[in-house]
Amino acid sequence: MSEDLGLWAVPIAMLGGAIRVSTPFLFVSLGECLTERSGRINLGLEGTLVFGAMAGYAIAFETGSPWVGVLAAAIAGAVFGLFHGWICRFRGVNDIAMGIALMLLGIGLAFFFGKSYVQPIAPDLPAIPFGWWSDIPQVQAALQINALFVVGVVLAFAMAWFFKNAALGLRIRVVGDSTEAARAIGVNPDGIRLWSTAAGGALAGIGGAYLSLYYPGSWNEGISSGQGLMAVALVIFARWNPVMCLAAALLFGAAGAIGPALQTVGVTSGYYLFFAAPYVLTLALLILTSTPGKAQEGAPGELSITK
Amino acid sequence: MTRISRRTLLASTGAVAATSLLPQTALAADELTVGFIYVGPKDDFGYNQAHAEGAAAVKAMDGVKVVEEENVPETVDVQSSMESMINFDGVKLLFPTSFGYFDPHILDIAPKHEGVRFQHAAGLWSADKHPTNVGSYFGYIGMGQYLNGITAGHATKTKKIGFVAAKPIPQVLLNINSFLLGARQVDPEITCQVIFTGEWSLAVKEAEATNALADQGCDVITCHVDGPKVVMETAAARDALICGYHANQSPLAPEKYLTGAEWNWAGVYTGMVKTAMEGGTIDNFVRGGLADGFIKMSPLGPAVSDAARKQYDATKAKIMAGGFAAIKGPLKDNAGNVIAAAGQSFVEDDIALESMDYLVEGVIGSTS
């Protein structure tokens, strides 16, 4: 069935882990990137992710189609985003506090409505076997790639192009950097932020659907274990650059696979330490890439944390 | 997740006052209120579901009221849950079902509530150390994993079987060791790769661990985590055969499911509640196995061969007859230390098994 790969098993597992685990990080961080570029923070995406996972699973089970589930998760995420965007446009509303409230609301609602969907088995999203060229089953397994991952990768590059070249992308950046400047050139900051937050929520919802419909592929209350929060932090790490969000998500996924993979090749002691690898790696990279003078480089000027 | 409920809020403020006000009646009463506390959701296809099925049987009894709370972490949260069940719901018999609730949480609360009985699953209660209103009960589910291992030993082609484990506590180690020793009854060349995830419930890590086992060529996989659903589905998707744990997971992948070791709490719980209602005393230390109806096996799946079925049935009959030992000499652990000399054996009810801290020879993994 499988060949013994010795130590090669670790990099192959990391490759597989990067592809399997990174997708939710990728979608949530792209969503947050879009929202923050418009000058707003949405910390509620963890709640949106969990609710999206529940909604996607429930709708996929009811309709029998995982893609309808993904669509439902996106719509649910967009509704959460619209709600956040709508509340935050009122004077004096703190978007960080609102985001935390929304996170708790999303998780609570997901647990409430998801109660009856823990047991049923919903159809999974299909995977595309990109490993056909290899005879090694481990490589074939690592390269079972879900369509959503491909969409996420394309989206990361498309979003980078969009921010740089498209008229709407430029407007979003202006709104994010200076509300006054945006008003001066006749752009409505509230409208842009509202829809950026909604789109960001929709992306986080899709990330949730990936969790429940593909990997690990079932709905339960512990499905996210804080991935939505980490993805929001990844945006800062990625300096608000969509392509860097992709790199960060891949890195996080790969680092997460180190712990289990090392145990299989005989490095069995100290696994708690290896499980901390993603966080250690993030800390190390943050320290390495930031110098005191340019710590906030790339940060939108209107963000409540940088103002 | 922090849960701020009426229960936790009131418990912290009102607990002290309420204890002195409420009359401390004996356990025997016309109506008995029984409390169940779970560490995860009640329908997790696993540990908590097995306990909740037992609680449902208690609920059906006359004159019994059941209060339940799920998703209670093994922190000071469980103390508030217990306090509020006792002070506000009038619970006289408590089943805090998770391993980590025992020390220090139950041990802290129990001396303050003499009239309340605390029944803890898996805890190591001992008469000289712990309060008398605390009891511990558990089943010898390692025997179930031993039987799982026999079906796995027949089914494996790569001679490698895999185990996704949460934490290296004695009960988990006994399950891992039993699973391999069962398989080694079929072929002594078989090895078992274990991966610890470090937490009772961590879906993504469990899926990654299962994939890592499949990558290493393990073709029969079982687990000891709270909700085995993710492990079972991921293993089946990687074309590995599966052995269940805690509850019957065969609906998840009927073709791949060999058999499974399940809890059978309904009879145990209704028995204890009945004793309490009649004014009797529940033993502080209750254990039972397959023969006592504490555990049961899932029906054998279609992938179990005739030879496997035969050996499985024969071994099961021996276990039912009593006195069977899975851990017997000559046996070494996987670091080379002697566990049992030739002729020495640890029968299923041997208390020494409940402080197991080793993995036997042939298990690839380490306890720390």
Inset, instruction - Show A:Arg91, A:Arg20 ordered by accessible area, largest first, where the area counts protein heavy atoms only and the probe is 1.4 Å. - result: A:Arg91, A:Arg20
Inset, instruction - List, in order, the whole-Hz ³J(HN,Hα) value for each residue of the range B:105-120 obtained from phi through the Karplus relation with A = 6.51, B = -1.76, C = 1.60 and θ = phi - 60°; use x for Gly and Pro. - result: 5, 5, 5, 6, 7, 4, x, 7, 10, 4, x, 10, 9, 10, 10, 10
Inset, instruction - Give the angle, between 0 and 90 degrees and rounded to the nearest 10, that separates the Cα long axis of helix A:277-289 from the longest principal axis of the Cα atoms of chain A. - result: 50
Inset, instruction - For A:Tyr210, tell me the accessible area in Å² from a 1.4 Å probe, rounded to the nearest 10. - result: 0
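Across the residues of B:40-47, average count of Cβ atoms on other protein chains within 10 Å? Mind showing how you got there, number by number?
Details: counts 3, 7, 2, 7, 5, 4, 1, 0.
Mean partner-chain Cβ count within 10 Å for B:40-47: 4.
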Legend entry - Residues whose placed amide H lies under 5 Å from that of B:Val67, excluding near-sequence neighbours: B:Val34, B:Gly35, B:Phe36
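With runs of 4+ DSSP H residues as the only contributors, calculate the mean residue ellipticity of chain B at 222 nm using -39,500 (n - 2.57) per run, divided by the residue total and rounded to the nearest 500.
Details: 9 runs with 124 residues, N = 368.
One gets -11000 deg cm²/dmol as the mean residue ellipticity at 222 nm.
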Inset, instruction - Please sort A:268-275, B:172-179 by packing, taking for each peptide the average over its residues of neighbouring beta carbons within 10 angstrom, highest first. - result: B:172-179, A:268-275
Inset, instruction - Find the centroid of the Cα atoms in the range B:258-330 and in the range A:8-62, then give the distance between the two in whole Å. - result: 42
Inset, instruction - Kindly report, to the nearest 10 Å², the accessible surface of A:Arg173 as traced by a 1.4 Å probe over protein heavy atoms only. - result: 80
Inset, instruction - Measure of size requested: the Rg and Dmax of the range A:109-196, with Cα atoms as the atom set and Å as the unit; please supply both. - result: 21.4, 61
Legend entry - Residues with amide H under 5 Å from that of B:Tyr245, placed H, sequence gap 5 or more: B:Ala261
Legend entry - Heavy-atom SASA rank of A:Trp8, B:Trp263, A:Trp67, A:Trp133 (probe 1.4 Å, accessible area, largest first): A:Trp8, A:Trp133, A:Trp67, B:Trp263
Inset, instruction - Per residue of B:328-334, count partner chain C-beta atoms within 10 Å of its C-beta, then hand back the mean as an integer. - result: 0
Legend entry - Within straight-line cross-link reach of B:Lys274, lysines at Cα separation under 28 Å, skipping those fewer than 8 residues along the same chain: B:Lys42, B:Lys59, B:Lys65, B:Lys92, B:Lys112, B:Lys129, B:Lys296
Inset, instruction - Whole number in Å², please: accessible area per residue of the range A:163-280, 1.4 Å probe, ligands, DNA and RNA not counted. - result: 34
Legend entry - Distance in nm between pseudo-label sites at A:Thr63 and B:Ala127 (7 Å out along the Cβ direction from Cα): 6.5
Inset, instruction - Please get the size of the charge dipole for the range A:1-123, origin at its Cα centre, with Cβ charges of +1 on Lys and Arg and -1 on Asp and Glu, quoted in debye to the nearest 20. - result: 480
Inset, instruction - Report, in degrees rounded to the nearest 10, the 0 to 90 angle that the Cα long axis of helix B:203-215 makes with the longest principal axis of chain B. - result: 10
Inset, instruction - Please give the total accessible area that chains A and B bury against each other, computed with a 1.4 Å probe and expressed in Å² to the nearest 100. - result: 3400
Inset, instruction - Could you tell me the convex hull volume per residue, in Å³, taken over the Cα atoms of the range B:238-368? - result: 169
Inset, instruction - Would you work out which of A:Gln119, A:Pro129, A:Ile87 lies farthest towards the positive end of the dipole of the range A:1-130, given +1 charges on the beta-carbon of Lys and Arg and -1 on that of Asp and Glu, about the Cα centre? - result: A:Ile87
Legend entry - Computed P(r) (all Cα pairs; chain A; 10 Å bins; percent): 7, 27, 33, 23, 9, 2, 0
Inset, instruction - Take the solvent-accessible surface of the protein heavy atoms, probe 1.4 Å, and return the percent of it on the range B:188-274 that carbon and sulfur atoms account for. - result: 51
Legend entry - Of A:Ala58, A:Val68, B:Gly40, farthest towards positive along the dipole that unit charges on Lys, Arg, Asp, Glu beta carbons give the protein assembly as shown: A:Val68
Legend entry - Heavy atoms of B:Glu233 accessible to a 1.4 Å probe, total area in Å² rounded to 10: 30
Inset, instruction - As a check on your grasp of the helix formula, calculate [θ] at 222 nm for chain A: sum -39500 (n - 2.57) over DSSP H runs of n ≥ 4, divide by the residue count, round to the nearest 500. - result: -22500 deg cm²/dmol
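Note the per residue figure in Å³ for the convex hull of the C-alpha positions in the protein assembly as shown.
Working: hull volume 115.6 nm³, N = 675.
Per-residue hull volume (Cα only) is 171 Å³.
Let me spell out the model: positive unit charges on the Cβ of Lys and Arg, negative unit charges on the Cβ of Asp and Glu, origin at the Cα centre of chain B. What dipole size does that give, in debye rounded to 20? Working shown, then result.
Details: 28 positive and 41 negative charges, 90 e Å.
Charge dipole, chain B, about its Cα centre: 440 debye, nearest 20.
Using DSSP, restrict attention to beta bridges with both residues in the protein assembly as shown and report what percent are antiparallel, rounded to the nearest 5. Please report the intermediate quantities before stating the final value.
Working: 11 of 50 bridges.
The antiparallel fraction comes to roughly 20 percent.
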Legend entry - Cross-link reach list, lysines versus A:Lys164, counting only Cα pairs under 29 Å and skipping chain neighbours closer than eight places: A:Lys294, A:Lys307
Legend entry - Viscosity 0.890 mPa s, 25 °C: Kirkwood-radius Stokes-Einstein D of chain B over Cα pairs, µm²/s: 116
Inset, instruction - Using θ = phi - 60° and the Karplus relation 6.51 cos²θ - 1.76 cosθ + 1.60, list the HN-Hα couplings for the range A:208-213 in order, rounded to whole Hz, with x at every Gly or Pro. - result: x, 4, 4, 4, 7, 9
Inset, instruction - Kindly sort B:Asp306, B:Asp187, A:Asp124 by accessible area of their heavy atoms, largest first, with the probe set to 1.4 Å. - result: B:Asp306, A:Asp124, B:Asp187
Legend entry - Per-residue ³J(HN,Hα) for the range B:47-64, Karplus 6.51 cos²θ - 1.76 cosθ + 1.60, θ = phi - 60°, Hz, x for Gly and Pro: 3, 5, 4, 4, 5, 5, 5, x, 5, 5, 5, 5, 4, 6, 7, 6, x, 10
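So how strong a dipole does the protein assembly as shown carry about its Cα centre when Lys and Arg Cβ are +1 and Asp and Glu Cβ are -1, to the nearest 20 debye? Don't skip to the answer; put the middle values down first.
Working: 42 positive and 56 negative charges, 308 e Å.
For this selection, approximately 1480 debye.
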Legend entry - Principal axis box of the range B:145-191, alpha-carbon based, largest edge first, Å: 29, 16, 14
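Averaged over A:207-220, how many beta carbons belonging to a partner chain fall within 10 Å of each residue's beta carbon? Each step should come with its number before you reach the end.
Working: counts 0, 0, 0, 0, 2, 1, 0, 0, 8, 14, 7, 10, 2, 12.
Other-chain Cβ atoms within 10 Å of each residue's Cβ, averaged: 4.
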Legend entry - Long-range HN-HN contacts of B:Tyr257 with modeled amide H, under 5 Å: B:Ile242
Legend entry - the range B:104-176: Cα Rg divided by the 2.2 N^0.38 Å rule of thumb: 1.58
Legend entry - Residue among B:Phe95, B:Asn133, A:Ile107 farthest towards the positive dipole end of the protein assembly as shown, charges placed on Cβ: A:Ile107
Inset, instruction - Taking chain B as the reference, fit the longest principal axis to its C-alpha atoms, fit the long axis of helix B:142-155 to the helix C-alpha atoms, and give the angle between the two in degrees, 0 to 90, nearest 10. - result: 30
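The values are calculated or read from the model by the stated rules, or taken from the named source; none is laboratory data. Model, not experiment: these values are computed from the prediction. Neighbour counts run over all protein chains shown; Cβ positions are idealised from the backbone, glycine included. Calculation scope for accessible area: heavy atoms of the full protein, side chains included, ligands and nucleic acids excluded. Shrake-Rupley method; radii C 1.70, N 1.55, O 1.52, S 1.80 Å.
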